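The values are calculated or read from the model by the stated rules, or taken from the named source; none is laboratory data. Everything numeric in this text was worked out from a predicted model, so none of it was measured. Heads up, the Cβs are rebuilt from the backbone with ideal geometry, glycines too, and the neighbour counts pull from every protein chain shown. Heavy atoms of the whole protein, side chains included, go into the accessibility calculation; ligands, DNA and RNA do not. Shrake-Rupley method; radii C 1.70, N 1.55, O 1.52, S 1.80 Å.
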Amino acid sequence: MEVSSNGSNGSSSSSSIKPLANPFVNSKLLSSFRASLQKRPPPDPSSTEGSPKPNIFATLWRPNLTNTDDFIPLYSDCIAKACSRTQEYLLFKDPEDKFHPTPEVLTQIFLMTYIGQSLSLNMTDHFNCTVMTPEQRILLGADWVWAVLERPTKNPRIQIAVRVLHLPDREGIAEDYPPEGRTESLQMAQQESSNKTVCERMVDFCASIGKDCYALFLFLGRKNDTGKIYGVLSNNFQAAVGKVDKIDRDLIENFFKGSRYLHTPTGMLQTITTKKDEEPLTVLIKFN
């Protein structure tokens with residue numbers, strides 16, 4: 001689903017990304033999806049079905065963005081809300097040891113909190129969020145894609161494909177799609193992508209779009225800091241293909257070893273929106 005300026009998270013214009021009943025109907029699925037990410041028409045302003053309802057007090061102040069970078073502090077505010085809410089669950093200790101949120105639940109808490117706040121701040125004309133379908137998550141490796149939009153066309157200028165990575169002990173709590181819940185298209189997606197790690201799939205996806213598409217691996221906790229949220233963002237992960245055995249969580253977490261500086265979410269966006277075209281870039285981020 002696409003979160004657009006009208007607040008729609010499931011209803012947008014006819015050529016927007018929509019859930020596919022069977023993504024394997026033709027062999028051009030991935031190329032057509034990438035093309036739709038690279039150029040999308042403006043959303044239908046009359047569509048409101050399925051929109052999250054912002055808090056009534058949040059609607060009293062809806063900023064009017066005029067400068068192309070005005071969305072950056074609003075993005076930072078959305079991230080702060082999402083991180084704070086998610087951290088409550090990361091740090092919660094159930095006295096009876098019965099409550100163990102699954103990776104899928106933690107991902108949705110972060111994502112839905114972010115989306116709700118972004119809609120209330122009226123920033124999605126400038127910076128939007130496209131949430132992947134289950135099949136797309138498996139095939140492309142991304143949970144969602146953020147995009148900096150050009151004005152007035154609203155075509156993506158910069159894209160950030162995001163994959164949430166969880167602590168290894170959480171990954172084993174429950175499968176995202178238990179066998180009884182797998183549709184035929186999900187089973188086919190899993191078979192199609194079984195020869196690569198989820199990280200490798202997202203690296204391939206971003207590389208197929210170009211240097212203005214970044215892969216962001218979002219760590220909900222690291223091995224030595226389980227309650228914090230970190231990220232590794234790069235448009236150059238493809239350079240590792242063929243040089244390492246595999247691209248996975250352990251390899252990406254190694255980027256933090258010896259690092260002396262971590263960007264803020266604001267610093268991350270400022271860096272990628274001001275860098276030269278086609279320039280390789282890798283950024284380490286501490287989100288909270």
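Side notes on the structure shown:
- Residues located in segment 215-233, provided they are among the β-branched types (Val, Ile, Thr) and open to solvent by 10 Å² or more (accessible area, probe 1.4 Å): Thr226
- Residues that are in a helix (DSSP H, G or I), touching a residue at least 12 places away in the same chain (Cβ under 8 Å), open to solvent by 30 Å² or more (accessible area, probe 1.4 Å) and polar (S, T, N, Q) within segment 238-279 comprise Gln238, Thr266, Gln270, Thr271, listed in sequence order.
- Qualifying residue in segment 83-98 (condition: in contact (Cβ under 8 Å) with a residue 12 or more places away in the chain, part of a helix (DSSP H, G or I), under 25 Å from Val198 (Cβ atoms) and out of contact with any strand residue (DSSP E or B) (no Cβ under 8 Å at 6 or more places or on another chain)): yes
- From Glu192, Glu180, Glu175, Glu96, residue being open to solvent by 60 Å² or more (accessible area, probe 1.4 Å), modelled with pLDDT under 90 and closer than 22 Å to Phe237 by Cβ: Glu192
- Scope segment 222-271; condition of a type in the set (Phe, Trp, Tyr) and farther than 27 Å from Phe92 by Cα; matching residues: Phe237, Phe255, Tyr261
- Entry remark, segment 99-136: residues being within 17 Å of Cys199 (Cα to Cα) and free of Cβ contacts under 8 Å to residues at least 24 places away in the same chain number 1 in total.
- The sole residue among Leu106, Leu90 that is more than 15 Å from the chain's Cα centre (by Cα), open to solvent by less than 50 Å² (accessible area, probe 1.4 Å) and under 17 Å from Thr226 (Cα atoms) is Leu90.
- Segment 51-93, residues that are among the aromatic types (Phe, Trp, Tyr) and at pLDDT 55 or above: Phe71, Tyr75, Tyr89, Phe92
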